[in-house]
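Step one of this worksheet: look at the structure below.
Each reported figure results from applying straightforward, stated rules to the coordinates on display, with no laboratory input. Quick caveat: nothing in here was measured; it's all calculated off a predicted structure. Note that we place each Cβ from the backbone using ideal geometry, even for glycine, and neighbour counts take in every protein chain shown.
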Amino acid sequence: MTTGKVLWTLRAECPIPARLSPHADRVQEWLLGLLPELGLPLDDAALHRLTRGAFARYAGRLYPDASEADLRVLTALFTWFFLVDDACDGPGRLDPGQIRALRNGTLALLHDGPRPRHAGLTGPLRRLLVLAWREPRRRMPARWRLRFADAVARHLDGTWREAVNKEASHRPGVTEYVELRRATSAADVSYPLVEFVSGRPLPDPVYHHPLLRQLAHTGNDLLSWYNDLASLDRDRATAGGHNLVLAMQDEWGLSPATAVDRVAERWRESMRHFVALRAAVPSFGPALDEAVTDHLDGVADAVRGTIEWTLESGRYPTEHPEPAGTSQP
């Protein structure tokens, strides 16, 4: 079975329903008008990539209940992360020292606000993050802002570790890669944003409850490994082994086709585990259960939203057409 067919098969097997914000397409138009105002150079090719990337639809799939104003905030944040990803992993990518400086500048802005400036975060990327962070910084309590900044730090630390690996021509084994991928995926950044949309931040003991953390890690694995399948052809040339399929090939001596099948089966096992974990989450009491449900739904929406967006976005073209009768919102 080709990788494209595997992607569509796993989508058909996913028990999580697909959802999409009704504001997504309007917010995408807003984004395309915003970026040139921030000084981002958009020639025809760059504009085409951003249009096909459909970042507002990705945000709209992860946060389908967000207001249009909040979806603009979320889309700006998502766009920032994708632009950083391209800067760190594309042609002429940043070296580890530059990524470390970008991390430090980003955390300075998240912790201290926009007035202090840092050489590691400048230009359009800085202006976009200042804009995107304004509303969460205003509305959310300090403990939530710290939790979000910690998630961003873990993500950028993972991006830095991957860059160091590539410079050293180090290809990670399966266990090492799975742990690193949980950082580079930025899923942990997306989870606190559920609380921004709902306006009900969870207390730290609940957010960090072992069962909720295990469920969040499993959801992260599901969306990350699905993305690895979608980006496999590109990653063979550029990722230096940083893809679960490639890590399995290298460590276990598998053929490319067998490695794809192993990743698909591992995904299925993790999905079964995800469903069981969600069913096992206890009540935290009437004052918290609604917010906990929002969080659990958000992790699930991140998994299914990534699947849907991956197959509709031009960022990860797939060769297999959608089967008849399987359309989703």
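Let me know the charge dipole size of segment 193-294 about its Cα centre in debye, to the nearest 20, where only the beta-carbon of Lys, Arg (+1) and Asp, Glu (-1) is charged.
The dipole of segment 193-294 has a size of about 120 debye.
Of the residues 113, 92, 158, which exhibits the maximal mean-square fluctuation in a Gaussian network model of the chain defined by a 10 Å Cα contact cut-off? Comparing 113, 92, 158 in a Gaussian network model of the chain, the most mobile one is 92.
Could you list 209, 155 so that the one with the fewest beta carbons within 10 Å of its beta carbon is first and the one with the most is last? Don't skip to the end; give the middle numbers.
Details: 209 17, 155 23.
Ranked by crowding around the Cβ, least crowded first: 209, 155.
The dipole here belongs to the chain: it is taken about the Cα centre, uses +1 on the Cβ of Lys and Arg and -1 on the Cβ of Asp and Glu, and is about 740 debye.
Over all alpha-carbon pairs of the chain, lay out the pair-distance distribution in 20 Å bins, whole %, shortest bin first. Taking all Cα pairs of the chain, the binned fractions are 31, 62, 7 percent. Between segment 262-301 and segment 102-138, the C-alpha centres lie 32 angstrom from each other.
Between the listed residues 144, 164, 186, the Cα displaced farthest toward the positive end of the dipole of segment 104-195, a dipole computed from Cβ unit charges relative to the Cα centre, is found at 144.
The modelled label-to-label distance between residue 252 and residue 67, using points 7 Å beyond Cα along the C-beta direction, is 4.8 nm. If R0 equals 25 Å, the separation of the Cβ atoms of residue 104 and residue 142 corresponds to a calculated FRET efficiency of about 0.75.
Comparing 271, 247, 259 along the charge dipole axis of segment 245-308, the residue lying farthest to the positive side is 259, per the Cβ-charge model.
Using C-alpha pairs below 8 Å separated by at least 6 residues, the relative contact order for segment 3-312 is 23 percent.
Dipole size of segment 118-247 about its Cα centre, with +1 on Lys/Arg Cβ and -1 on Asp/Glu Cβ: approximately 640 debye, rounded to the nearest 20. GNM on the chain, C-alpha springs below 10 Å: top fluctuator among 248, 271, 140? Answer for the Gaussian network model of the chain: 140.
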